[in-house]
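Chemist: My structure is below; once you've seen it, I'll send some questions.
Read-outs throughout are calculated quantities, based only on the coordinates presented, and are distinct from any laboratory measurement. Quick caveat: nothing in here was measured; it's all calculated off a predicted structure. Cβ sites come from the backbone with ideal geometry, for glycine too, and all protein chains shown count toward neighbours.
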Amino acid sequence: MKKNLIFLIALSLILIPTLISAKPFGKVGTVALQFLKLGVDARAIGMGEAYTAVTDDISSVYWNPAGLAPAYQNQAFVSHTNWVADIMHEFAACSFTNGVSTVAAYGSVLHMDDMDITDEETFGPTGEKFTNSSMAFGVDYAQQFTNKFSAGVGVKYLRENLYEFSVNSFSVDVGSMYNTGWRNIKIGMALRNFGPDIHYYVDDDEDGATDEDPFDLFDNDGDGAIDEDGPELDSKIPMCFSLGVSGDIMRTWNEKIPTDERTIYNSLNHWIVSIQLDNVIDRMETWNIGTEYKYGNLFLRAGYQINYDANGFSAGVGYQIPTNFAIINVDYAYTDMGDLAESFLKSAHRLSIKFKF
C-alpha cells in the first residue's frame, strides 16, 4: 500500500508543473447558468474549495455526492451568501440515511433586488422594474460499497429567469470517494453539471416568432424592418470535473455519541490538508489548496485557489454545539474578491448551519 501511495505522489509531482504551465482556456464566460459554479457551505469555502476529497456531510450534495455515505445520522443544512453587487445566494438541503445508503434533497436560489429598466434613448429609468434569479432543485443518492469506497449520483432541475425571459434544463452529478486507510488519506472525484446545452428563445421584434432567419427578406411583423430576430445559439452549462486528495497531519478520536447498535466516533482534534484540481469547461484549470484545524469544538480554516480570476484567498471559522436533539455546526467564511469588491464588508461572506440528528 505504501509503495502505491509513493508512486501516486511521485506521479502527481511530475504532472503538476506541466498542468500549471498549460495555456489559459479561451472561453471564459461563454457558458450559461453561471450560478452553478458558486460553491456552498462556509466550511468548504473557507478551505479554498479544496473539498471534493474532504466532504463527509450534507453539503456533499453540491461538492461530491459520494460524500453523503457512510452516514450515521440524518442531517439538515442551510447556507446564506452575500455576494458583491448586492447579489444573494440561498441553499438548503436535508438527508436521510440507514447507515449504508443515503438519500438527500436540496434547493439553491440566486437572487437580487429589483433594478430599474433604462430607456435606450434617454438613458434614464422608465419607472418599470426587473429582476434576475437562478434556481436548482435536486435529489442525490449515495451508497457505501466497502469500508473504503463509496459512490453517489444526483439529478437536478435548473431554471434561470431574466426579466421576461427564462430557460429550463437539467443536469446530473456523479462522484466517488476512496479512503486508503492510511492517515485518513482520501481520493475524491466528482463530475458536476453534466447535461444538455440550453437554448434561449428571444422574440426581439415581438411578432410571436423566435429564431427567425435574418436573411429571408420578409417583414413578418409589419414594422418596416425585415426579421430583426436572428437564431439564438445553444449555450453549454458549466460542467466541472474535480479530482482531490486529502489527508490528516494529525487526528485524535473520542467516543461521542452512543446509539442502540453502534458508537459513533468523532474527532476531538484534527488537522486536515487537501489539494484539488478543478477543470471547468469555460475557464483555465484551478489548483485549490485548503486546510482545517479543529481543537475541541473550534474550527479554523484557510485556502487558496491558484489560477483563479479573483484574488483566490479564503478563510473561515466554525464552532460545533452539541445539544440534546442535534449536533449543530455554525460556520463562517470570507472570500477575498480583489478588485471586484469595494471593501471588506462588500466582499463575499458566507454563513452556514448544519444539523446532525
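Chemist: Can you order the peptides 99-112, 314-327 by their average number of other Cβ atoms within 10 Å per residue, highest first?
Modeler: Highest mean packing first, the order is 99-112, 314-327.
Chemist: Follow-up question, since we're still on this one. How large is the translational diffusion coefficient of the range 83-140 in µm² per second when you combine the Kirkwood radius over alpha carbon pairs with Stokes-Einstein at 37 °C and 0.692 mPa s?
Modeler: Once the numbers are plugged in, D ends up at 227 µm²/s.
Chemist: Still on this structure: Checking the table 129/156; 156/236; 186/294; 156/354; 186/356 against a 27 Å threshold on Cα-Cα, which pairs fail?
Modeler: Too far apart for the 27 Å limit: 129/156.
Chemist: Using a basic spin-label model with each label point 7 Å from the Cα along Cα→Cβ, how many nm lie between residue 146 and residue 113?
Modeler: Calculated label separation equals 5.6 nm.
Chemist: Let me ask something additional. Stretched out fully, how many nm does the piece from residue 132 to residue 297 gain, at 0.36 nm a residue minus the Cα gap?
Modeler: 55.5 nm
Chemist: Mind putting together the pair-distance distribution for the range 124-169? All Cα pairs, 5 Å bins, whole percent per bin, short to long.
Modeler: 5, 15, 16, 11, 12, 9, 9, 6, 6, 4, 3, 2, 1
Chemist: Stretch residue 92-residue 74 to full length: gain in nm at 0.36 nm per residue minus the Cα-Cα span?
Modeler: 5.1 nm
Chemist: To continue, here is another question. Hey, got a sec? Which GluC sites (Glu not before Pro) in the range 111-191 land in a DSSP loop and have at most 13 other Cβ atoms within 10 Å?
Modeler: Sites meeting the loop and neighbour criteria: 120, 121, 164.
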